[in-house]
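Pasting a structure below so you can have a look.
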Amino acid sequence: MSPQPDSWIRMMAQKYGMIEPFADSQVRKQEDGNKPVISYGVSSYGYDLRVAGEFKVFTNIYNTVVDPKQFQDNSFVNIEADECLVPPNSFALARSVEYFRIPRNVLTICLGKSTYARCGIIVNVTPLEPEWEGHVTLEISNTTPLPAKIYANEGLAQVIFFEANEVCQTSYADRKGKYMKQHGITIPCV
């Protein structure tokens, strides 16, 4: 397995709809060309995905315990906006703008962009497995003692694609994975 270059990513996006919507180059300014954005689109060996304007910011208002087996909706506050403030030493869930369809012979790793990492924002995403598809649920941690701003419809994390020499025996789709074809922000489920 080795990382795949930008030409491979463009071909897979066009031929198989691997990423929709798809930006075939790095976008660094808003469409009107005036204001800079945190970049998104194809990079040398990956794709910088955007965060949508939907956020679930964790709160301790109700003294709820975060339990992956019995997740409660009052663990977070829902926010729909162009910007989201993540409280100090807190956490938010979001989703990608892009919908991904991962081929059977591909595995991805997703890492946060350096622009946010340098501000103490850690982005965690589990690997996108072979034949998984959906909007990516993004985990955003603010490790600082200050509120942190996240910009919707701008880059947040980079997906790196690894193509295997042979296809896997059992894909995410074969296992009927519980997060298959997720839309919106998907909370934990068992």
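For the stretch 69-81, indicate whether the set of residues that are within 24 Å of P21 (Cα to Cα), of a type in the set (V, I, T), modelled with pLDDT of 95 or more and within 21 Å of the chain's Cα centre (by Cα) is non-empty.
yes
Being without any contact (Cβ under 8 Å) to a residue 40 or more places away in the chain, closer than 22 Å to Y179 by Cβ and of a type in the set (S, T, Y): is that true of S96 here? So that I can check it myself, show each step before the final result.
Numbers: without any contact (Cβ under 8 Å) to a residue 40 or more places away in the chain: no; closer than 22 Å to Y179 by Cβ: yes; of a type in the set (S, T, Y): yes.
No; evaluated as a whole, the condition is false for this residue.
On to the next question. With the stretch 77-190 as the region, which strands (runs of 3 or more DSSP E) entirely inside it contain at least 3 residues that are open to solvent by less than 30 Å² (accessible area, probe 1.4 Å)?
Details: elements: 83-86, 90-101, 106-112, 121-128, 133-142, 148-151, 155-163.
Once the strands (runs of 3 or more DSSP E) in the stretch 77-190 are filtered for at least 3 residues that are open to solvent by less than 30 Å² (accessible area, probe 1.4 Å), what remains is 90-101, 106-112, 121-128, 133-142, 155-163.
R95 passes all but one of (1) in contact with a Ser or Thr (Cβ under 7 Å, 6 or more places away or on another chain); (2) of a type outside the set (S, T, Y); (3) modelled with pLDDT under 95; which number fails?
R95 satisfies all of (1) in contact with a Ser or Thr (Cβ under 7 Å, 6 or more places away or on another chain); (2) of a type outside the set (S, T, Y); (3) modelled with pLDDT under 95 except (3).
Another question about this same structure. Of all residues in the stretch 37-48, which are farther than 18 Å from A81 by Cα and part of a strand (DSSP E or B)? Can you show your working first?
Filtering the stretch 37-48 down to residues farther than 18 Å from A81 by Cα leaves 39-48.
Selection gives S39, Y40, G41, V42, G46, Y47, D48.
For the stretch 1-28, which positions are assigned to a loop (DSSP other than H, G, I, E, B) and over 14 Å from D48 (Cβ atoms)?
First pass over the stretch 1-28, keeping only residues assigned to a loop (DSSP other than H, G, I, E, B): 1, 4-5, 17-18, 21-26.
Matches in the stretch 1-28: M1, Q4, P5, G17, M18.
Of all residues in the stretch 40-57 being among the hydroxyl-bearing types (S, T, Y) and modelled with pLDDT of 95 or more, which is surrounded by the most Cβ atoms within 10 Å (Cβ to Cβ)?
Here the residue is Y47.
The values are calculated or read from the model by the stated rules, or taken from the named source; none is laboratory data. Because the structure is predicted, anything quoted here is derived from the model rather than measured. So basically every Cβ, Gly included, is an ideal-geometry build from the backbone, and we count neighbours across all protein chains shown. Keep in mind that these areas ignore ligands, DNA and RNA; they rest on the heavy atoms of the full protein, side chains included. Shrake-Rupley method; radii C 1.70, N 1.55, O 1.52, S 1.80 Å.
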